[in-house]
Amino acid sequence: MPDTLLAAEPAPLAFDPARAALVIIDMQRDFLEPGGFGETLGNDVSLLQAAVGPCQRALAAARATGMLVIHTREGHRPDMADAPPAKVERGAPTARIGCAGPMGRILIRGEAGHDIIPELYPAAGEVVLDKPGKGAFYQTDLELILKNRGIDTLLVAGVTTEVCVHTTIREGNDRGYRCVALADCCASYFPDFHRVGLDMIKAQGGIFGWVSDSAALVAALGNKTAARSSAA
Ligand code: C5J
């Protein structure tokens, strides 16, 4: 039974923390630090820093309840067999996916830039999900992991709001999950896209999800310490 009320738009959402997962999308050095994929595309990567502190607070609250935590990483196999040419051929020819950069080969698994930023580093036992595309469900075992854990609600954080966060929420919504974007835990290289991206989710009565934030999540989970382990 959902026993926890999350302040959200367009309406509060009742959910069961034991059946929810915090999904942190692509908080990787390649997107947040200079010299990575984000910067090679001409972006000001400092704009994404705004999401780090709120993500830390949401992550601490989720960990304290024993909630399932999933960290995703966008990237490709070193042989790039899983990288569609249509994706690779964009951007400056010397700074494309697979090219050498200051943090290793850009957006390639195992390279320094592909790793998650130290501030949000996964704890032992948390799921780290490598994905070749923008959506976390595409060509991954995410749906199987969620099914095996009885998850029905996704609390989604990370970068960027209008690309991988949006795609994942759209994919999750179509698969029947209640998807909540945690607004201050998400960020974009384009502040307007961030704002409008969140508006799109919650418009039309929540056409493909809800929008909440880290403070509301912390408040909702306030006294739910180790909900999952005590429910077991
Ligand atoms: C992008 C992402 N923006 N994680 N990836 O290419 O949003």
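Values for this structure:
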quantity	calculated
Residue tally, condition assigned to a loop (DSSP other than H, G, I, E, B), in contact with a strand residue (DSSP E or B) (Cβ under 7 Å, 6 or more places away or on another chain) and of a type in the set (Asp, Glu), over segment 110-144	3
Subset of segment 24-42 (residues that are near the ligand (Cβ under 8 Å from one of its atoms), buried (at least 24 other Cβ atoms within 10 Å of the Cβ) and part of a loop (DSSP other than H, G, I, E, B))	Asp26
Selection count where residues are modelled with pLDDT under 95, open to solvent by less than 30 Å² (accessible area, probe 1.4 Å) and of a type outside the set (A, V, I, L, M), scope segment 43-95	0
Count of segment 141-178 residues which are open to solvent by 10 Å² or more (accessible area, probe 1.4 Å), over 14 Å from Trp210 (Cβ atoms) and more than 12 Å from the ligand (Cβ to nearest atom)	13
Selection within segment 144-184 - among the small types (Gly, Ala, Ser), more than 19 Å from Val45 (Cα to Cα) and under 15 Å from the mean Cα position of the chain (by Cα)	Gly172, Ala181
Residues (assigned to a helix (DSSP H, G or I) and surrounded by 17 or more Cβ atoms within 10 Å (Cβ to Cβ)) located in segment 201-215	Ile201, Lys202, Gly206, Ser214
Neighbours by Cβ (under 6 Å, 6+ apart or cross-chain): first from segment 58-85, without any contact (Cβ under 8 Å) to a residue 40 or more places away in the chain; second surrounded by 14 or more Cβ atoms within 10 Å (Cβ to Cβ)	Pro78/Ile108; Met80/Gly98
Candidates Arg90, Arg73, filtered to the one that is within 16 Å of Val163 (Cα to Cα), within 15 Å of the ligand (Cβ to nearest atom) and assigned to a strand (DSSP E or B)	Arg73
Flag for Asp184 being in a strand (DSSP E or B) and either touching a residue at least 40 places away in the same chain (Cβ under 8 Å) or over 21 Å from Arg73 (Cα atoms) (or both)	yes
Lone unmet requirement of (1) in a helix (DSSP H, G or I); (2) touching a Lys or Arg at 6+ places or on another chain (Cβ under 8 Å) for Lys147	(2)
Filter result for the condition that a residue is over 12 Å from Thr72 (Cα atoms) and hydroxyl-bearing (Ser, Thr, Tyr), over Thr161, Thr140	Thr161
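The values are calculated or read from the model by the stated rules, or taken from the named source; none is laboratory data. Every value quoted in this text rests on a predicted model; they were computed, and no experiment measured them. Don't worry about glycine lacking a Cβ; one is built from the backbone with ideal geometry, like all the others, and counts go over all protein chains shown. Surface areas here come from the heavy atoms of the whole protein model, side chains and all, with no ligands, DNA or RNA. Shrake-Rupley method; radii C 1.70, N 1.55, O 1.52, S 1.80 Å.
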